[in-house]
Amino acid sequence: RFSRETLQPGLDGTRIAVFATVASPHAEPDAASSSRPRRPLLLVHGTGSDHTTWRVAGPRLAASRTVWAMDRRGRGASTDGARYAAAREVEDIAAVAEALAGRDGTRVAILGHSLGGRLALSASRLTDAIDRVVAYESAPADLDDAGTRDEEGLLSTLQRELTAGRPDEVLARFLIEAAGLPSAELEAFRASPLWPDRVATAPTIVRELDAALHDPAIGLEGLAGVVIPVLQLTGTVSPRAFR
């Protein structure tokens, strides 16, 4: 359902893999979208995953748009930089959006999941190539809310697990405690062929959770300068912090 089209250069020498998404033969565009030009849509995944997280939704969306999916730096087919900062991820997304806008001759919409949505919102402040953003479960958590989880405690635990050489445990804890994945679904995930690839992303999980908690560029104040149209979505069983 995906074919790698390009490796977009990042500003610090990274190479960001971008994949074309093939439409599902079972998905039909709605009447409104079929009468409009096929504008580009860029899919940006969240923490602990890569472009294949869109393997179900991407081909359905491609029925009515030209859809692209990227591997964020440090996972999948993309390379990594020497030092991590959320600002570099923001620049990556802006660079990919500009490349796609130049290719298709029109501004790009972005659908981002979790941290991918927050990074996409911040990227919209760097370039006018981004037309709008749909952000799913992307709201920065209100850490002053007594009902939110102990994110700082989770970060410390994940850092210890990573240092101890237990990337499997890093991923499992993140999925249960941060993403709210039920235990039964976690066991099914462990048995899937995707699990080893997700375990390989463990170092990026820790650094991204750290950025999500502490980097002002992707916090509430940093995102207050976004001026493009934004659709913020949550699911019916999304963790409370996202609502």
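The values are calculated or read from the model by the stated rules, or taken from the named source; none is laboratory data. Bear in mind that the values here come from a model prediction, so they are computed numbers and not experimental data. Just the protein is used for accessible areas: all its heavy atoms, side chains included, with ligands, DNA and RNA removed. Shrake-Rupley method; radii C 1.70, N 1.55, O 1.52, S 1.80 Å.
Numerical summary
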read-out: Whole-percent carbon and sulfur share, accessible surface of the chain, 1.4 Å; value: 52
read-out: Label assignment, mean projected area of the Cα convex hull in nm² derived from the structure, set [x] 13.3; [y] 14.1; [z] 17.0; value: [x]
read-out: Nearest 10 degrees, 0 to 90: helix 86-104 Cα axis against the chain principal axis; value: 20
read-out: Whole-number accessible area per residue in Å² for the chain, which is evaluated in the context of all protein chains at 1.4 Å; value: 48
read-out: Antiparallel %, DSSP beta bridges [both residues in the chain], to 5; value: 35
read-out: In degrees, nearest ten, helix 151-163 long axis to first principal axis of the chain (Cα); value: 80
read-out: Accessible surface of GLU187 - all protein chains present, 1.4 Å probe, nearest 10 Å²; value: 100
